[in-house]
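The values are calculated or read from the model by the stated rules, or taken from the named source; none is laboratory data. Computed from a prediction, not measured in an experiment: that's the story for all the values here. Ideal geometry is used to build each Cβ from the backbone, glycine not excepted, and the neighbour counts take in all protein chains shown. Side chains included, ligands, DNA and RNA excluded: accessible areas come from the protein's heavy atoms. Shrake-Rupley method; radii C 1.70, N 1.55, O 1.52, S 1.80 Å.
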Amino acid sequence: MQIRFADTRPTGSYALVLPVAGTDRSALASLDGDRAAVEAAARAQRFDGGSGEVAEAWTGGGGDQVRRVLLIGLGEGAERAAAAEKLGGTVSARLLTSGERKAVIDLSGLGFDADAAAKVAFATAARAWRYDRYRTKLKDKQKPTLVEVVIVGASEGAEQRFAARWQGVLDGLSLTRELVTEPANIIYPESFVERVTAAAQGSGLEIEVLGEAEMRELGMGALLGVNQGTVREPRLLIMKWNGGGQEGAPLVLIGKGVTFDTGGISIKPAAGMESMKWDMGGAGAVAGAMLALAKRKAKANVVGICGLVENMPDGKAQRPGDVVTSMSGQTIEVINTDAEGRLVLCDCITYAQRTYKPKTIVDLATLTGAMVISLGHEYAGVFSNDDGLAAELLAAGAASGDKLWRQPLAEAYDRLIDSPIADMKNVGPREGGSITAAQFLQRYVDEGVRWAHLDVAGVVWSDKPGTTYDKGATGFGVRVLDQFVESTVEG
């Protein structure tokens with residue numbers, strides 16, 4: 001979709017979008033002789049200007065002069081950034097497959113600053129994202145028609161703001177959604193690396209890749225144990241963005257990249273197992289966030305690390321009761337092979353600390369079903385050993401729309417993963433499953449390192465549309481990481 005900014009409405013055929021703030025109808029003044037008919041149509045549809053409400057009308061004298069007019073509610077006194085995103089997302093949701101090829105959003109008189117206007121453009125494009133690569137028999141009415149959106153009446157600098165700040169985030173979101181949406185026969189560790197490498201061309205991201213031999217030499221027994229039942233080779237993908245100069249330790253972002261998770265020998269139920277193609281949602285988010293930071297030239301030094309494996313049952317697969325040695329030297333009794341994400345992440349955390357000496361690590365993982373039971377599909381859980389870091393992430397979540405809710409860590413939970421024959425076991429009891437998983441990861445964090453774990457199991461995929469995404473891959477994680485970097489590292 002092409003997004004353009006213009007000073008005045010263009011001529012020709014298009015759908016006209018007029019944002020309406022509650023009961024204020026001043027935006028309709030530009031309709032001249034058609035105003036009364038549009039207002040009557042709005043009343044008939046019980047439109048009162050509430051956030052996200054839509055009323056539709058047609059104006060003109062017939063033939064090519066007939067124009068679709070959408071009134072989209074902003075709500076009374078709504079916060080501008082949220083209202084802007086709701087507006088843009090609603091435009092795409094309503095018009096993408098409507099038959100309209102062009103839409104004009106008139107922001108005149110709304111008082112949106114340059115960033116709010118830019119966020120209208122961002123949300124319009126983000127909500128329009130689709131992945132139809134494998135749909136060969138779409139009916140005409142299911143096919144997207146909207147190819148151009150023109151925003152008029154925006155504050156000076158809005159177009160530049162969109163290009164400089166939000167276009168890169170769109171690119172990162174698109175990459176994450178693509179990776180999460182693709183089936184596991186297309187995206188596996190090697191092809192994940194290839195897809196990210198191709199997307200990063202010309203961005204300035206430095207890409208490094210470790211294969212199985214290099215990881216074995218490093219002693220990554222926990223990560224490699226997960227992968228030993230598959231024919232796919234594992235990969236450690238490292239993405240480096242040096243936008244803050246050469247001084248200081250980088251922020252490290254780590255993503256769980258289990259490209260398909262059967263559960264291994266502790267196999268999952270067949271019903272719904274196809275959804276486990278997105279068990280690499282944490283790695284997808286880290287890859288998208290790194291691309292976003294590079295595309296917008298973030299003034300920060302950040303390293304993204306994705307541990308990429310596939311968890312399959314096989315004669316060579318890891319068994320319940322096996323003991324593996326992690327890169328840190330700590331030993332793990334594997335009670336349940338379906339608790340594999342933490343085995344991948346622990347070696348990634350150790351590698352990151354030994355290689356880059358970071359002061360702050362944030363990991364993202366679709367780690368536990370227990371997180372979905374706790375928070376449903378509205379929030380991701382955040383666990384941290386540092387109150388300041390947790391507060392920064394919560395603020396970034398609120399600002400970005402990737403909502404987070406803090407969860408506890410405590411010694412009593414940590415004792416639940418003690419093993420009688422190894423340093424720890426990879427699961428505790430059923431109760432507090434998300435917490436004991438986080439406690440497991442915390443055992444690998446060096447003293448003095450600020451660390452946070454985001455359990456995104458319930459939010460990387462959605463069965464219902466949201467403001468900036470349709471059903472399917474949400475891209476969760478890209479925006480909160482991008483906002484966190486802007487607020488804390490750049491700011």
- [ ] Could you look through segment 9-24, keep only residues that are of a type in the set (Gly, Ala, Ser) and under 20 Å from residue 42 (Cα atoms), and pick out the one that is surrounded by the fewest Cβ atoms within 10 Å (Cβ to Cβ)?
- [x] 22
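Rundown of residues vs (1) part of a helix (DSSP H, G or I); (2) in contact with a Ser or Thr (Cβ under 6 Å, 6 or more places away or on another chain); (3) surrounded by 23 or more Cβ atoms within 10 Å (Cβ to Cβ), yes/no style:
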residue	(1), (2), (3)
89	yes, yes, yes
93	yes, no, no
98	no, no, no
105	no, no, yes
121	yes, no, yes
- [ ] Kindly provide the set of residues from segment 373-387 that are of a type in the set (A, V, I, L, M, F, W, C) and open to solvent by 30 Å² or more (accessible area, probe 1.4 Å), ordered by number.
- [x] 373, 375
TODO: Kindly list the number of the only condition in (1) modelled with pLDDT under 95; (2) surrounded by fewer than 17 Cβ atoms within 10 Å (Cβ to Cβ) that fails for residue 44.
DONE: (1)
- [ ] Give the residues of segment 139-166 that are surrounded by fewer than 15 Cβ atoms within 10 Å (Cβ to Cβ), farther than 23 Å from residue 295 by Cβ and under 27 Å from the mean Cα position of the chain (by Cα), sorted by residue number.
- [x] 142, 143, 145
Open item on the list: Please go through segment 74-98 and give me each residue that is modelled with pLDDT of 95 or more and over 25 Å from the mean Cα position of the chain (by Cα), ordered by number.
Closed with: 98
Task: Failed criterion for residue 268 (all others in (1) under 30 Å from residue 169 (Cβ atoms); (2) in contact (Cβ under 8 Å) with a residue 12 or more places away in the chain hold) - done: (1)
- [ ] Return the total of residues in segment 168-194 being outside any helix (DSSP H, G or I) and either touching a Ser or Thr at 6+ places or on another chain (Cβ under 7 Å) or basic (Lys, Arg) (or both).
- [x] 3
Task: residue 178 being at pLDDT 95 or above, closer than 20 Å to residue 125 by Cα and open to solvent by 10 Å² or more (accessible area, probe 1.4 Å) - done: yes
Task: Residue pairs meeting the criteria (Cβ under 6 Å; at least 6 apart or on separate chains; first on the phi > 0 side of the Ramachandran plot and at pLDDT below 95, in segment 199-214; second open to solvent by less than 70 Å² (accessible area, probe 1.4 Å) and among the β-branched types (Val, Ile, Thr)) - done: none
Open item on the list: Please verify whether residue 263 is outside any loop (DSSP other than H, G, I, E, B) and either touching a residue at least 24 places away in the same chain (Cβ under 8 Å) or of a type in the set (D, E, K, R) (or both), treating the condition exactly as stated.
Closed with: no
Open item on the list: I'm trying to understand the selection: among the residues of segment 205-233, which are assigned to a loop (DSSP other than H, G, I, E, B), of a type in the set (A, V, I, L, M, F, W, C) and surrounded by fewer than 19 Cβ atoms within 10 Å (Cβ to Cβ)?
Closed with: 231
Open item on the list: Need the failing condition index for residue 435 against (1) more than 28 Å from residue 359 (Cα to Cα); (2) in a helix (DSSP H, G or I), just the number.
Closed with: (1)
- [ ] Might you check whether a residue that is under 20 Å from residue 364 (Cα atoms), in a loop (DSSP other than H, G, I, E, B) and of a type in the set (Ser, Thr, Tyr) occurs anywhere in segment 195-204?
- [x] no
Open item on the list: Looking only at segment 409-464, filter to residues that are open to solvent by less than 50 Å² (accessible area, probe 1.4 Å) and of a type in the set (Ser, Thr, Tyr); which one of those is farthest from the chain's Cα centre (by Cα)?
Closed with: 419
